[in-house]
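The values are calculated or read from the model by the stated rules, or taken from the named source; none is laboratory data. Remember, it's a predicted structure, so these values are computed and weren't measured experimentally. In this analysis, Cβ positions are derived from the backbone assuming ideal geometry, glycine residues included, and neighbour counts consider all displayed protein chains. Ligands, DNA and RNA are stripped out before the accessible areas are found, and what is left, the full protein with its side chains, is counted by its heavy atoms. Shrake-Rupley method; radii C 1.70, N 1.55, O 1.52, S 1.80 Å.
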Amino acid sequence: MASAQDANSQDNNAADVRLLIDVSGSMKANDPANLRASGVRLLVDLLPLNTRAGLWTFGARVANPLPMDNVDDSWRQKALAVLPQLSDYQQFTDLEAALKSVTPEGQRNNTRHNHVILLTDGMVDIPANGQDKAERDAASRQRILTQLAPRLAGNDVVVHTIALSHNADANLLRDLAQRTGGLAAVAETSEALLRSFLDVLDQVVPSEQVPLIDGRFSIDDRVDEFTALIFHDDTAAPITLVGPNGERIQRDDVANDSGVHWRGDRRYDLITVPSPTPGEWHVEGQVGPGSRILITSSLMLKTSSVSATLYQYFDVPLDAWLTENGEPYAAEGDMTVSARLRDNNGNEISTVLTRDEDGHYRGTLVEPELLGNARLSVLASGADFQRLRVQSVNVAPAISAALAPDQSSIALQAAHPRLDSSNTTLTATLQGESLAVETRDDKHWRVALPADLPEQSVPVVLDAQVTLDGETRHIPLPPVRLNEEARIGLSGASLDRAAVNAEQLPDEPQQEKKVQDQQWSLQRVWETLKPWWPTVERYVQEYVRKPWVWAVIGVLVLLFLITAMRRRQQRRRRRQQRREPHV
């Protein structure tokens, strides 16, 4: 049967969706509950009928267990059947080969929106084959950004990326998404993975919704059907839908002939209710973050296209309007249209749109100071109805910065498409002293750092003067922090939480071949071992009573201390040798 998301897709061009799922061995530790299978199942349930979709897996090799085909009930059954293959783990993470396989050279489909949804928890990690592995990985990473990404963008292929775990190459995934017009979502925990899939789906297939507040939502008489997507813990009690007349709908009570369709997973329920009773409904039970009410209705809220990447301190223009049965809708009585941009930390900016003579509601979100993943929502409220559109976005610095591994320089790149060396002037200061900024080309700059850097952690303050459309203004950029390891004590407490860490700039070729020094602190060691601890703990309990084990541990600890001391001495020698004039 057609559901709310199927009907919503009818006003959008059909989508071509390719799921690309990492099955490297580290996924077992970073996603022990195999929530990526739940995420794929959620996408399978929500993809509209007129979509074409397929699924690929990759590690050392690439497989296509679910070829591209039209989404229907038969395709959905096939998709569910291949989910066990997501736990067939492999060695290595050949991301370049995976992207090439899922988007063959010369392929272009101008009749559909072409999307790739990429989930990975690691970085480029390809077999060495006797060559220098670090250089081989860096070269593959560079080709993805400088050759593959432009080809995909030229073929109208949008790559949406989901980074799972702190070990993922977030900079690569972010830049790959931005260069192809996609969304870069970050799931810091496996529990957040489902919501990341949903964030990407908002970009692929925008949905018509009504607000869900404290488990309650209102259905008006223009709604033909709603689908409630309710997230919850896997141990939560079963939920119940309660209608305006007191009608109670539970999963076990849904009859085959009732028209209600209930499906889902351990962490979510998806309930489709046709011809719902108008009035206020509510959900009894746990309603987790990201839950929503999708609707099919003759009255729909439309919005102009908003890029998946917004830029910090740059206005966001908005345009919204309503249609009824495909025709412009003129509201009877008062109606308001508002917009809100909210990040994952609860910070937000909002505005009320103004109605123009053509019936459109227009306004601007002024210079967002937010940074990172955020949700843009547009809400239309009339006398007897509400309509909601939600879109996940990334808010990025207008100019990104990268600190060289040896702290000799900072490379900067204009990320905003309208910024370049002709309209942008950069300044940099370190402890009140100005640093020279060298222009490398239209989009790149370099700041040379002095040879004698302070021993403590200090920020390099960056500022941009930008002239656009006859207006000149200053834009503060996230500071780059030197001696980052000095900010962390043995307790793991950060001494300065205000500064934003410098980001590695992936398209500076000379930086691709450098392997960043591992900062050996107790916190960093624990963060590295933490995902593997359950497995390690079992072996510890088994072998801890054997004397030879303690001898091996002693040798390893001694080698670790010797290595750490040598690395510290090498860093000191590099600083002493790099005695160049102050710029």
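Kindly rank 341-350, 272-281, 323-332 from highest to lowest mean number of other beta carbons found within 10 Å of each residue.
Ranked from most to least packed, the peptides come out as 272-281, 341-350, 323-332.
List the residues whose amide H sits under 5 Å from the amide H of Arg440, counting only those 5 or more places along or on another chain, with H placed 1.01 Å from N in the peptide plane.
Under 5 Å from the amide H of Arg440: Trp445, Arg446.
For segment 362-432, evaluate the Debye formula with one uniform point scatterer on each Cα (no solvent term) and list log10 I(q)/I(0) at q = 0.16, 0.17, 0.27 Å⁻¹, rounded to two decimals.
-0.82, -0.88, -1.29
Where the only charges are on Cβ atoms (+1 Lys, Arg; -1 Asp, Glu), what is the dipole of segment 381-467 about its Cα centre, to the nearest 20 debye?
My answer is approximately 520 debye.
Given a 1.4 Å probe and every protein chain left where it sits, what share in percent of the accessible area of segment 68-188 is carbon and sulfur?
Carbon and sulfur: 47 percent of the exposed surface of segment 68-188.
Taking the Cβ-Cβ separation of Ile553 and Glu438 as r and a Förster radius of 35 Å, what is the calculated FRET efficiency to the nearest 0.05?
Result of the calculation: an efficiency of 0.10.
For segment 351-357, what does the Karplus curve 6.51 cos²θ - 1.76 cosθ + 1.60, with θ = phi - 60°, yield as ³J(HN,Hα) per residue in whole Hz, taken in order and with x for Gly and Pro?
For segment 351-357, the Karplus curve yields 7, 10, 7, 9, 6, 9, 5 Hz.
Tabulate in residue order the Karplus-calculated ³J(HN,Hα) for segment 290-302, using 6.51 cos²θ - 1.76 cosθ + 1.60 with θ = phi - 60°, rounded to whole Hz; enter x for Gly and Pro.
Values per residue, Gly and Pro as x: x, 4, 7, 10, 8, 10, 10, 8, 6, 9, 10, 9, 10 Hz.
Rounded if a/c is under 1.5, else prolate if a/b beats b/c, else oblate: with a ≥ b ≥ c from the C-alpha gyration tensor eigenvalues square-rooted, which is segment 264-350?
Oblate, because a/c is 1.5 or more while a/b does not exceed b/c.
Of the cross-linked pairs Lys78/Lys302; Lys28/Lys100; Lys100/Lys302, which ones have a Cα-Cα span greater than 28 Å in the structure shown?
Result: Lys78/Lys302; Lys100/Lys302 exceed 28 Å.
Using 0.36 nm per residue of separation minus the Cα-Cα distance, give me the extension gain between Glu471 and Asn345 in nm, one decimal.
Answer, rounded to one decimal: 42.2 nm.
Pulled fully out, how much extra length does the chain show between Glu369 and Lys133, if you take 0.36 nm times their separation in residues and subtract their Cα-Cα distance?
Stretched fully, the Glu369-Lys133 segment lengthens by 81.0 nm.
Could you give the alpha-carbon Rg of segment 187-329 over 2.2 N^0.38 Å, rounded to two decimals?
Cα-based Rg divided by the globular estimate yields 1.16.
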